[in-house]
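Enquirer: Here it is, the structure, as structure tokens.
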């Protein structure tokens, strides 16, 4: 008979997510998760077969938070949806530095369900296509180039390398987006 679970899967993931938010994913050990829960490391291994499985669950929870945060930002924004999505990405990096690092600045090859955050990429491409009327492949190229720029800003913010005001960021995002659109309309490769 397997041991009785003292804590639910959700309680353990919530504790591990809390540790990740505060100290990064490297702080997620069975002992430290147990300490957050006020117990030993044993309950972690009663629910999860390995730390890799728990970290995969933390990644999925972080992805859910990012996608929910992005959608709420888009829903209440007075800017065009595509710009609001870029702003949400940067704002998430500012508010949730360690979760941003986990989702967008770490090796995802060994994380189960890491593709969940890629849904945001596909949504962004759809928004570009709707906003500009350009074909799917051109929208993908435009978004990829724009995303590299937005990701750079978000990374600098998440690592405290540089801080800009929201107004400065909004202007830079508009400048780059408009330059990409203008280049595309001239028939140059995007």
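Read-outs: derived from the displayed coordinates by stated rules, not from any lab. What you see is a predicted model, and the numbers here were worked out from it, not measured in a lab. When we count neighbours, we look across all protein chains shown, and the Cβ atoms used for this are built from the backbone with ideal geometry, even at glycine.
Enquirer: What is the order of 8, 174, fewest Cβ neighbours within 10 Å to most?
Expert: Exposure proxy ranking, most exposed first: 8, 174.
Enquirer: Given only helices, namely DSSP H runs of n ≥ 4 each adding -39500 (n - 2.57), what is the per-residue ellipticity at 222 nm of the chain, to the nearest 500 deg cm²/dmol?
Expert: Computed mean residue ellipticity for the chain: -23500 deg cm²/dmol.
Enquirer: Hey, another quick one. Can you run the Rg to Rh ratio on the chain? Use alpha carbon positions and the Kirkwood inverse-distance Rh. Show your work: numbers first, answer last.
Expert: Values: Rg = 19.5 Å, Rh = 18.2 Å.
Reported Rg/Rh, Kirkwood definition of Rh: 1.07.
Enquirer: Would you mind giving the three semi-axes, in whole Å and largest first, of the ellipsoid equivalent to segment 1-49 according to its Cα gyration tensor?
Expert: The equivalent ellipsoid of segment 1-49 has semi-axes of 19, 9, 9 Å.
Enquirer: Measure nothing but the geometry: give the 0 to 90° angle between the long axis through the Cα atoms of 81-95 and the longest principal axis through the Cα atoms of the chain, rounded to 10°.
Expert: Here the helix axis deviates by roughly 40 degrees.
Enquirer: For the residues 36, 150, what sequence is obtained by ranking on other C-beta atoms within 10 Å, fewest first?
Expert: Going from sparsest to densest Cβ surroundings: 36, 150.
Enquirer: Using Cα atoms only, what is the angle between the long axis of helix 136-158 and the major principal axis of the chain, expressed in degrees (0 to 90) to the nearest 10?
Expert: Relative to the chain, helix 136-158 is tipped by roughly 60 degrees.
Enquirer: So for the pair residue 164, residue 8, with labels modelled 7 Å out along Cα→Cβ, what separation do we get in nm?
Expert: Each label point is offset 7 Å from its Cα along the Cβ direction, giving 4.2 nm.
Enquirer: Arrange 164, 147 by Cβ neighbour counts within 10 Å, fewest through most, would you?
Expert: In increasing order of surrounding Cβ atoms, one gets 164, 147.
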